[in-house]
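Asks: Have a look at this one before I ask anything.
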Amino acid sequence: MGTSYVIARWGKPNFAKFNTSFMVEGKVVPGATSQKLNRQILALSLPLAGTQLANIAISTTDTFMMGQLSLGALAGGGLAVVWFNQIRTMAVGLLTPLGNRIASAHSLYESKSRERADSELSAATLQREIRNLSRAGWLLATVSGLVGALVLMAIAYALPFFGQSAEISSAATSMMWLLAPGLVPCLWFQVSRQFCVGLGKPKSLLHITVAMIVVNAALNYALGFGFGPFPALGLLGIGLSTTLVHLLSALIYLRITIRDPDLSTFLALDFWSADGDTMHGRLRHLVRTQLRLGLPVSATYGAEAGMFSVLAMVMGSFGTEALAAHNVVYQITFIVFQIGVGFSHGSSILVSRAWGLNDNSLARQVGIRTQTMMAAIVAVASVSFLCAPRLVLSPFISSSEKSNATETLSIALGLLAIGAVMEFVDTAQNIAIGLLRGISDTTTGLKASLTGYWIIGLPAALILAFPIGLGPHGVWWGLVIGLASSSIILWRAFLLATRKDLTVKL
């Protein structure tokens, strides 16, 4: 803590995949060369954003299908998805630093591959290290998925005690029970994603995820509404199809990875053993390190998702229509947010490499340019929210229950307008979390989340919703206030840490 970054033990990194041709003595050169930095940000972030969008397309399809069943299914099923995402998000946070660790080890591996084999840290040793990191990820994904599934099923039975109606609780419980088994394969897929990103091949995930969108839509329709030999299971069918898609995605990606020689040489699934050591030796140390790095990220993600989950329960207290409107608008805004997640992960990897080169200025440039790109994307989405809100909402709200649908649509229109503002601060704070993770700071995000979401945002939402009387719209304005507060704290920390007069710190 507080000591300068030391690379003597590991040797000087050669970040081969981080093209430094735009730098002179480690500094960004303006003009045409700085455009190369923009292209590198886009080259790494866009495939990740594409994968995120493909992933969210699955839950978006679920939301659409639930809306075609009934408002009760949309409200209760959507609440189940919110809690599934809560647990999944926290588990993903636990795994997220794995990509940074693999990227650092792989960069050193590429450097050592060109050097003498008898150096202190050989390429063979680094290859074993990456394989053991892979094992640690698979172990944590399996254990956290099983624990998360049990927690999700327990939450299902607690819903009536938190003011949810019998209709909402019944629908949510059935959905939760069928979503729960899908947590384990869902997290296996996330390990594959971090493994792939760390080795610099993020594009290989996108094709699978896009194919699974089609499979999920077909299974949703067949099992939800009945088609051919399949019975009409309604909400149960939608939950079952989602779990099957998670499993199929994980298995297909694993097969592709094993057959790719550039990836398989670093992949190891037998987390009960370790290369060159025992479970109680090196692998145990890697798991502890992953927990040390991942738990703050998990808590940070959980703090934000937790606020959304708690406020979904508050929306349920306003009735089925309010909760249905909340679920629809949350899903729509979540689509744009996933682009921010992709840019957050991409910029985090680039900042990690700049930070390893002890170049604060480059790290800051990556952060500012990434945020500028994301703000432009959000601006386009916000224009559609404000100029064509009914068009944006219409696919999700069925007109079969006209009186209820009219009330739901009315609430949703107001929430979508607030969501247009929320997207700017929500994506900004998510990108800042990734940037801080890139400079090995995983604790500021947690502090900012606790302060912004729970100390400022949640009380603001409750005050605006109840004493002031803004109802469901007050809840969302509270979200905006909380996310904005968190964003300010996070960006201040990153900009201070990357000042030119500072040396890189651990």
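Asks: Determine which member of the set Leu240, Leu267 is assigned to a helix (DSSP H, G or I) and either surrounded by 20 or more Cβ atoms within 10 Å (Cβ to Cβ) or touching a residue at least 12 places away in the same chain (Cβ under 8 Å) (or both).
Replies: Leu240
Asks: Identify the residue in region 334-368 that is surrounded by 24 or more Cβ atoms within 10 Å (Cβ to Cβ) and among the β-branched types (Val, Ile, Thr) and, among all such residues, is farthest from the chain's Cα centre (by Cα).
Replies: Within region 334-368, the match that is farthest from the chain's Cα centre (by Cα) is Val366.
Residue-wise test of (1) over 30 Å from Ile397 (Cα atoms); (2) in contact (Cβ under 8 Å) with a residue 24 or more places away in the chain; (3) out of contact with any Gly (no Cβ under 8 Å at 6 or more places or on another chain); (4) not in a helix (DSSP H, G or I).
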| position | (1), (2), (3), (4) |
| --- | --- |
| Gln52 | no, yes, no, no |
| Ala57 | no, yes, yes, no |
| Met66 | no, yes, no, no |
| Gly77 | no, yes, no, no |
| Trp83 | no, yes, yes, no |
| Asn100 | yes, yes, no, no |
| Ser111 | yes, yes, no, no |
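Asks: Quick one: in region 446-493, which of the residues that are in a loop (DSSP other than H, G, I, E, B) and of a type outside the set (Val, Ile, Thr) is surrounded by the most Cβ atoms within 10 Å (Cβ to Cβ)?
Replies: The residue in question is Leu470.
Asks: Can you tell which of Thr427, Thr443, Thr408 is of a type outside the set (A, V, I, L, M, F, W, C) and surrounded by fewer than 17 Cβ atoms within 10 Å (Cβ to Cβ)?
Replies: So the residue among Thr427, Thr443, Thr408 that is of a type outside the set (A, V, I, L, M, F, W, C) and surrounded by fewer than 17 Cβ atoms within 10 Å (Cβ to Cβ) is Thr443.
Asks: From (1) modelled with pLDDT of 95 or more; (2) over 30 Å from Leu286 (Cβ atoms), pick out the condition that doesn't hold for Thr243.
Replies: (2)
Asks: Answer yes or no: is there a residue in region 313-336 that is over 29 Å from Ser169 (Cβ atoms), part of a helix (DSSP H, G or I) and touching a residue at least 12 places away in the same chain (Cβ under 8 Å).
Replies: Yes.
Asks: Exactly one condition in (1) within 23 Å of Thr60 (Cβ to Cβ); (2) surrounded by fewer than 22 Cβ atoms within 10 Å (Cβ to Cβ); (3) over 19 Å from the mean Cα position of the chain (by Cα) is false for Leu323; which is it?
Replies: Unmet condition: (2).
Asks: In addition: What number of residues in region 162-172 are in a helix (DSSP H, G or I) and surrounded by fewer than 20 Cβ atoms within 10 Å (Cβ to Cβ)?
Replies: Here the count works out to 4.
Asks: Oh, and also: Tally the residues that are assigned to a helix (DSSP H, G or I), small (Gly, Ala, Ser) and surrounded by fewer than 21 Cβ atoms within 10 Å (Cβ to Cβ), restricting the search to region 222-237.
Replies: Residues that pass the stated criteria total 2.
Asks: Out of the residues in region 253-280 that are under 23 Å from the mean Cα position of the chain (by Cα) and either among the hydroxyl-bearing types (Ser, Thr, Tyr) or modelled with pLDDT of 90 or more (or both), state the one that is nearest to Ser134 (Cα to Cα).
Replies: Checked region 253-280; the qualifying residue nearest to Ser134 (Cα to Cα) is Thr257.
The values are calculated or read from the model by the stated rules, or taken from the named source; none is laboratory data. Keep in mind that this is a model prediction, so the values were computed, not measured. Virtual Cβ from ideal backbone geometry, glycine too; neighbours counted across all protein chains shown.
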